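The values are calculated or read from the model by the stated rules, or taken from the named source; none is laboratory data. Fair warning: this is a prediction, and the values are worked out from it, not measured in the lab. Methodologically, a virtual Cβ is constructed for each residue, glycine included, from the backbone with ideal geometry; neighbour enumeration extends over all protein chains shown.
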Amino acid sequence: MAKSNKPIIWGTFAAGGELVSLITPVLIVLTLLAAIGFVPDMLGYEKLHAYASHWFGKLVIFVILFLSLWSQAHRLRITFFDFGVRADTLVATTVYLIAAVGSVATAVYLFRF
């Protein structure tokens, strides 16, 4: 039986989709609360900056962005197919390359010294 890379692609798609579906509504509510002037102390700039500056916070941010990029790349590939673009190799290479570049750029930005 031939080996396939589909479990890797589907795994990141499923994990990213689940993560995005759980986190996006929370981010929308927090943004709306901040827009009307209600920012709880635990979401103040100093605390969020301290969290994002710590290695664990950077790792969490990276994982969230990594999974989101790969999930949406796969979703975009399937959308192109549904719209009738049958050049799947070109589309797959393009969207996954963009996700890879975004992942590397995220890592470089977060873990720079």
The stretch 87-101, residues that are closer than 11 Å to Ala73 by Cα and either small (Gly, Ala, Ser) or in contact with a Pro (Cβ under 7 Å, 6 or more places away or on another chain) (or both):
Ala92, Ala99, Ala100
Apart from one, (1) loosely packed, with under 11 Cβ neighbours inside 10 Å; (2) closer than 25 Å to Val108 by Cβ all hold for Pro7; the odd one out is (2)
Report whether or not Val26 is in contact (Cβ under 8 Å) with a residue 24 or more places away in the chain and among the aliphatic types (A, V, I, L, M).
no
Given the conditions (1) loosely packed, with under 10 Cβ neighbours inside 10 Å; (2) farther than 25 Å from Thr79 by Cα; (3) modelled with pLDDT under 80, report the number of the one that Ala34 does not fulfil.
(1)
Some residue of the stretch 38-60 being more than 19 Å from Ser103 (Cα to Cα), surrounded by 10 or more Cβ atoms within 10 Å (Cβ to Cβ) and under 18 Å from the mean Cα position of the chain (by Cα)
no
Just give me the residues in the stretch 52-83 being basic (Lys, Arg) and at pLDDT 90 or above, in sequence order.
Lys58, Arg77
Positions within the stretch 44-59 being more than 17 Å from Val108 (Cβ to Cβ), in a helix (DSSP H, G or I) and not acidic (Asp, Glu), in sequence order
Tyr45, Lys47, Leu48, His49, Ala50, Tyr51, Phe56
